[in-house]
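Colleague: Quick one: structure below, then a few questions.
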Amino acid sequence: PQRTYIFTFLLSSRVFIHPHELLAKVGQICIKQKQQLETGTEAEKAKLKSFAAKIIQLLKEWTETFPYDFQDEKSMKELKEIAHRITQCDEENGTVKKIISQMTQNLLMALSARSQYQEIREKFRQPVTDKGTILKTKPQSTQKDILSVCCDPLILAQQLTYIELERVSNIYPEDLMQIVSHMDSLDNHKCRGDVTKTYNLEAYDNWFNCLSMLVATEICRVVKKKQRTRMVEFFIDVARECFNIGNFNSMMAIISGMNLSPVARLKKTWSKVKTAKFDVLEHHMDPSSNFCNYRTALQGAAQRSQTANSNREKIVIPVFNLFIKDIYFLHKIHTNRLPNGQINFKKFWEISRQIHDFLTWKQVECPFEKDKKIQSYLLTAPIYSEEALFIASFESEGPENHMEKDSWKTLR
């Protein structure tokens, strides 16, 4: 079968059967076929070689695309046994042995890289609100802000894209498929042992929230109105540069940060902002008709990516939570099985097509050089909690109506 078929099959099979059980079934087929063909004629022995080649193709695709399916001992043991049987089918020709040993080596490297990333990520996974300290006094105007670290919107957009691509590269197809498996287990009120926590998805989602809160923090904590206006306009330009690059996730996070109530209520600041550019961005991210404008822009970026000659033009970073929602709805709208009891392969083909697009985009090598100073600021600068944002916002521009006066009283 074609690679796309193998990918779809391996991806969707986990909704119905645990990967190591599927591998065991492949192992049983190997034993049966080997027994049948070994006792036969020369023609059947030739068939055995072509059968071995097909099994190798399957295992190669499987270990490269879903290395994490082999992290437990059971699966690794099964893989070694199948590999041993296949090697016996073509002993006089050493190529099979070479291919299998190369495949095993690549698999072990992929698994070790992934577990290293997990260890690093464990250290950094902190909820946003813990970083914010409630403001009791106005921060010093000499305090470091984003503009003192980077005042060029294009460079900041490039550094955000670098961070996005780094995060995205650690999301795997099986992580995305867990959305479906996890929902099935919730729907059936049964706990499936293989539903591990979707840490990679959470970590990426966390980054989006951190960026939104960082934008709001940077704006709200500026003391002078003129500087605050400059800060708002700076972030509008950064979001625009993100859009031009094809980094829709950062762009959406920045717009979300500017639409948070503590920022949106700063009417005196916004009255000084040249909002024409912001209106264009808002238009791109308008949620009406299921984010129709954004989807058109995403399609344009995807087409540009397909014909691009440079990595710079290949970048496509979709709004991640919308991408997840699309998979969620595809799963919700269509049943897993057809009325005759067969698997609804058309549904899984569509889900796998979307996941495959995402995998293509995440493999793009970042064309921008890393700036440690800027990235360090983006990833570690203090972020205010929601309460702290409101306090900073009210201290910048006092409460305007009864509702605001009440919440200001409560906060104080």
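Colleague: By how many nm would the segment from Glu400 to Lys267 grow when fully extended, if each residue of separation counts as 0.36 nm and the alpha-carbon distance is taken off?
Modeller: 46.9 nm
Colleague: Still on this model: Say the dipole of the chain comes from +1 at the beta carbon of Lys and Arg and -1 at that of Asp and Glu; which of Leu338, Gln159, Gln306 then lies farthest toward its positive end?
Modeller: Result: Gln159, furthest along the dipole toward the positive end.
Colleague: Once a ≥ b ≥ c are taken as the square roots of the eigenvalues of the Cα gyration tensor of the chain, is the result rounded (a/c under 1.5), prolate (a/b larger than b/c) or oblate (a/b not larger than b/c)?
Modeller: prolate
Colleague: If you don't mind, there's one more thing I want to ask. What residues have an amide H closer than 5 Å to that of Ile343, excluding those fewer than 5 places away on the same chain, when H is modeled at 1.01 Å from N in the peptide plane?
Modeller: Leu338
Colleague: Using r as the Cβ-Cβ distance of Leu147 and Met109, and R0 as 45 Å, what FRET efficiency do you calculate, to the nearest 0.05?
Modeller: Once rounded, the FRET efficiency stands at 0.60.
Colleague: Which distance in nm do the two modelled labels at Glu61 and Phe16 give, with both placed 7 Å along the Cα-to-Cβ direction?
Modeller: 1.6
Colleague: For the chain, build the charge dipole from Cβ charges (+1 Lys, Arg; -1 Asp, Glu) around the Cα centre, then report which of Leu59, Ser385, Cys292 sits farthest towards its positive end.
Modeller: Ser385
Colleague: How would you rank 384-390, 305-311, 100-106, highest first, on the average number of other Cβ atoms within 10 Å across their residues?
Modeller: 384-390, 100-106, 305-311
Colleague: Distance between Cα centroids, segment 225-282 to segment 373-390: provide it in whole Å.
Modeller: Taking the Cα centre of segment 373-390 as reference, the centre of segment 225-282 is 17 Å away.
Colleague: Using per-residue counts of other Cβ atoms within 10 Å, averaged over each peptide, order 55-67, 144-156, 338-350 from highest down.
Modeller: The densest-packed peptide leads the list: 55-67, 144-156, 338-350.
Colleague: Using Cα-only point scatterers and the Debye equation, what is log10 of I(q)/I(0) for segment 3-117 at each q in 0.14, 0.18 Å⁻¹, rounded to two decimals?
Modeller: Calculated log10 I(q)/I(0) at the listed q: -0.59, -0.95.
Colleague: Report the charge-dipole magnitude of the chain in Debye, nearest 20, computed about the Cα centre from +1 at each Lys and Arg Cβ and -1 at each Asp and Glu Cβ.
Modeller: It works out to roughly 640 debye.
Colleague: Assign one of three labels to segment 35-85, namely rounded, prolate or oblate, based on the Cα gyration tensor with a ≥ b ≥ c the square roots of its eigenvalues; rounded applies when a/c is under 1.5, prolate when it is not and a/b is larger than b/c, and oblate otherwise.
Modeller: Verdict is oblate for segment 35-85.
Colleague: Sticking with this one: Would you calculate, for the chain, the mean residue ellipticity at 222 nm contributed by helices, counting each DSSP H stretch of 4 or more residues as -39,500 (n - 2.57) and dividing by all residues, to the nearest 500?
Modeller: -23500 deg cm²/dmol
Colleague: Further, regarding this structure: Would you be so kind as to identify which of Phe16, Thr217, Ser101 lies farthest towards the positive end of the dipole of the chain, taking Lys and Arg as +1 and Asp and Glu as -1 on Cβ and the Cα centre as origin?
Modeller: Thr217
Colleague: Take the Cβ-Cβ distance between Gln116 and Glu369 as r, set R0 to 30 Å, and report the resulting FRET efficiency rounded to the nearest 0.05.
Modeller: 0.80
Every number here is computed from the coordinates shown, using simple stated rules; none is lab data. Keep in mind that this is a model prediction, so the values were computed, not measured. Counting neighbours? That spans all protein chains shown, and the Cβs are built from the backbone with ideal geometry, glycine included.
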